[in-house]
Each structure stands twice: as structure tokens, then as C-alpha cells.
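What follows is one structure encoded as C-alpha cells, with my remarks underneath.
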Amino acid sequence: MDFELSTEPLDVGQLRKRLQHPSAGALVDFEGWVRDHNEGRRVERLEYEAYTALALKEGQRILEAAKERFSLRAACAVHRTGLLEIGESAVWVGVSSDHRAEGFEACRWIIDRIKMSVPVWKREHYAGAEPEWVACHACTHAVEPVGSLGQELSEDHSSCGDDQGASGHHRHGHVHA
């Protein structure tokens, strides 16, 4: 499978090896790290939870769509789950392509869709305060839907009341504050 969830630290060198292809002229990757701040607050660590079966299915669907759309030689992505410390890699996306332009475009396209439609939730642990689930600010701009979960992305989220649980979590992987 090209999309994975992992409770273990990522070995980016090993992940990059998966992308090798004799026809590829470019490898482009993105690595998201746990940072020590968000919106003016000091963050001590992050915690990620996922709806595993659906996350794997939707993540794979995104990668397959990207391979076709951008004529990629290979694509893979891994999202961490569990408690992560400052500086740890939280998500990694990599693609190989014949040329760099489609590689850069595909990598961004993939991470944007992972963040919008893969059911992985982020909880920030703050210095001197209770942990909080983080709201999805990406909802302010829609991305082109991919697959069944992605179809919800094109809807106006101001009417999401029926789609949210008591915690405000959407089925498609983010929280409205």
C-alpha cells in the first residue's frame, strides 16, 4: 500500500527508496514537522488519532488519483498517529515523476487533499493549558474533491451541523470550532 499510518518515527530515506523508478527524472517530497507554536500559543507536543480503515482507503484513493492526474511514476505518503514531540515528522509525502514541474504540483495536491479528507485528527498539548483538538483552517478554501469523502469538501461548511458529532468532528477528518 502506498498510503500508511505509523505510530513509529518515519525513516525518510527508506520512504524515498520506494519512489525510485528508472524513468523518473525527479523526486519531490514534503515533510511536515511538529512545531513549538500555533496561533500565538506554545505547543509542547501533538497527538494524532485516525479512523484507520477509512484513512487508509481515502489516502490510497488520493495517491491513485494523483498518479493518474500527474502521470507520476510513484507516490507514497505516511501520516503519524499517537503522541509526537516537537521536531518529529508528522506527515511525509513523496512522488517521483519524469520532470520536476509535475512532481512539485503533485506533492502539493496530495498533501492538501490528505489534510482535507483523510480522517486524521490533531490534538495540541499546550504549555500551562488543557490540550485541544485543532480546527481545520483549510475549510476556508475548497479543493477539488477526490472520492466519496472528498465530495463533502465542495459543500458549504456553514451548514455542517447535521454532519458533526458532539465534539464538532466531521466524518471527513476535521473539526469546526
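Bear in mind these aren't lab numbers, they're just calculated from the coordinates by the rules spelled out. The model shown is predicted, which means the values in this text are computed figures rather than measured ones. So basically every Cβ, Gly included, is an ideal-geometry build from the backbone, and we count neighbours across all protein chains shown.
Yes/no per residue for (1) without any contact (Cβ under 8 Å) to a residue 24 or more places away in the chain; (2) touching a His at 6+ places or on another chain (Cβ under 7 Å); (3) buried (at least 17 other Cβ atoms within 10 Å of the Cβ); (4) of a type in the set (Gly, Ala, Ser):
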{"residue": "PHE3", "(1), (2), (3), (4)": "no, no, yes, no"}
{"residue": "GLY13", "(1), (2), (3), (4)": "yes, no, no, yes"}
{"residue": "ARG18", "(1), (2), (3), (4)": "no, no, no, no"}
{"residue": "HIS37", "(1), (2), (3), (4)": "yes, no, no, no"}
{"residue": "GLY40", "(1), (2), (3), (4)": "yes, no, no, yes"}
{"residue": "GLU47", "(1), (2), (3), (4)": "no, yes, no, no"}
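Limited to the range 98-123, what total is found for residues that are among the small types (Gly, Ala, Ser), crowded, with 21+ Cβ neighbours inside 10 Å and closer than 17 Å to VAL28 by Cβ?
2
Scan the range 54-74 and tell me whether some residue there is closer than 18 Å to PRO9 by Cβ, touching a residue at least 40 places away in the same chain (Cβ under 8 Å), assigned to a strand (DSSP E or B) and not hydroxyl-bearing (Ser, Thr, Tyr).
No, the conditions are met nowhere in the range 54-74.
Just checking, does the range 106-121 include any residue being among the hydroxyl-bearing types (Ser, Thr, Tyr) and on the phi > 0 side of the Ramachandran plot?
No, there is no match, as no residue in the range 106-121 is among the hydroxyl-bearing types (Ser, Thr, Tyr) and on the phi > 0 side of the Ramachandran plot.
Looking at the range 8-48 only, could you name the residues that are on the phi > 0 side of the Ramachandran plot and either part of a helix (DSSP H, G or I) or not charged (D, E, K, R) (or both)?
GLY40 - this is the single residue of the range 8-48 that is on the phi > 0 side of the Ramachandran plot and either part of a helix (DSSP H, G or I) or not charged (D, E, K, R) (or both).
Results for (1) in a helix (DSSP H, G or I); (2) out of contact with any helix residue (DSSP H, G or I) (no Cβ under 9 Å at 6 or more places or on another chain); (3) farther than 17 Å from ARG69 by Cβ; (4) not acidic (Asp, Glu), shown as yes or no for each residue.
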| position | (1), (2), (3), (4) |
| --- | --- |
| GLY87 | no, yes, yes, yes |
| SER96 | no, no, no, yes |
| GLY103 | yes, no, no, yes |
| TRP109 | yes, no, no, yes |
| ILE114 | yes, no, no, yes |
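For ALA53, all conditions in the list (1) surrounded by fewer than 15 Cβ atoms within 10 Å (Cβ to Cβ); (2) under 12 Å from the mean Cα position of the chain (by Cα) hold save one; what is the number of the exception?
(2)
Would you pick out the residues in the range 82-97 that are on the phi < 0 side of the Ramachandran plot and among the small types (Gly, Ala, Ser)?
Hits for the range 82-97 are SER89, ALA90, GLY94, SER96, SER97.
ASP29 - would you say it is more than 17 Å from VAL120 (Cα to Cα) and surrounded by fewer than 17 Cβ atoms within 10 Å (Cβ to Cβ)?
no
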